[in-house]
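The values are calculated or read from the model by the stated rules, or taken from the named source; none is laboratory data. Quantities reported herein were computed from a predicted structural model and do not represent experimental measurements. Heads up, the Cβs are rebuilt from the backbone with ideal geometry, glycines too, and the neighbour counts pull from every protein chain shown. In case anyone asks, the SASA skips ligands and DNA or RNA and just uses the protein heavy atoms, side chains included. Shrake-Rupley method; radii C 1.70, N 1.55, O 1.52, S 1.80 Å.
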Amino acid sequence: DDDEGADFPAPLLWGVFASGETCWWLPLGDDPNEWFVVLGGNGTQQLNITTVEFLDAWLDGRLDLPVLSLPPVPHGRTFTLAGGPVPAIEVPDAPRDSLAQLRTLIGSGTGPYEFDWDAIAEELGVPVLPSDYKRLHEEYGSKVALNGIFVAGPLELASMHETYAEYLPRWSKRFARPEGTDPEHEYAVHPEPGGLLFCGSTEGRDTLCWDTRAPD
C-alpha cells in the first residue's frame, strides 16, 4: 500500500552526542519549529518539547533521561562554526535520579502529598519503607498505575499484603532465586523474618513483592 505510513513521516537525524546517542526530529506538522525531539540510545524516547526547549533544559542539567548514558549536569554554552573542531567535554560522574527519569517519561506529579510513613511502617510491621517508594507516592499520590503495573498505595499496603500472603508460599518457587541458593529454595513470607512483602501487581496478574532481607 503506497499510502501506508503516509501520516507518520520518517524521523530526521539532526544531532549526535559525544557518547554516541542520537537526536532526531519527529516531523509532524508543517512548521519545523514545532517538531518534537526524539532521542535514540538505550531505547528511544520522545520528548514533547521543541529543539530549543530541549537544548535549553539539557544544557542547564535539568533532564535526567533514561535513554541517555550521560548524566544530567550543566554544560557551558559555547558556539562553534559548522564543521569546526569541537573540544572534548569532561563529563563528571553524577548520580542518576530514578524519579527524575520517570518524570521525563510520564510528566511531573501533582504533589507533594503527605503520608504518615512511620504509622504505615508500624502497621506493616517493618522498620522502614523503601525511600524510592515514598518519593513516588509523595509526588504522584496514592494511586499509581503505569503501563499495566499497579503499585499498592501506602494506605492499602497492609490489607493487600494480608490478602495476598496466603498465596505467596505457593508462588515463591516462581521468583528468581538468589545466586548460590538451592534450586528448591523458597522465600519466607512477611511477617516471617526476611519474608516477601506484597507491593504491587500487573494487568497480567503477576505479583510484585519486596525482598525484606535487606535493611532498606
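Points to keep in mind about this one:
- Over region 70-136, the hull volume per residue, using the convex hull of the C-alpha atoms, is 147 Å³.
- Convex hull volume of the Cα atoms of region 10-87, normalised per residue: 108 Å³.
- Extending 7 Å from the Cα toward the beta-carbon at both LEU12 and ASP206 defines two label points whose distance is 3.9 nm.
- Full-extension gain in nm, SER98 to SER159, via 0.36 nm per residue minus C-alpha separation: 19.2 nm
- Using a probe of 1.4 Å on the protein chains alone, the accessible area found for ARG213 is around 130 Å².
- Size of electric dipole in the chain: Cβ of Lys, Arg +1 and of Asp, Glu -1, about Cα centre, debye, nearest 20: 460 debye
- For the chain, the 222 nm mean residue ellipticity estimated from helices alone, with every DSSP H stretch of n ≥ 4 adding -39500 (n - 2.57) and the total spread over all residues, rounds to -6000 deg cm²/dmol.
- Radius of gyration, Dmax [the chain; alpha carbons; angstrom]: 22.7, 67
- Its Cα centre serving as origin, region 1-129 has a Cβ charge dipole (Lys and Arg +1, Asp and Glu -1) of approximately 680 debye.
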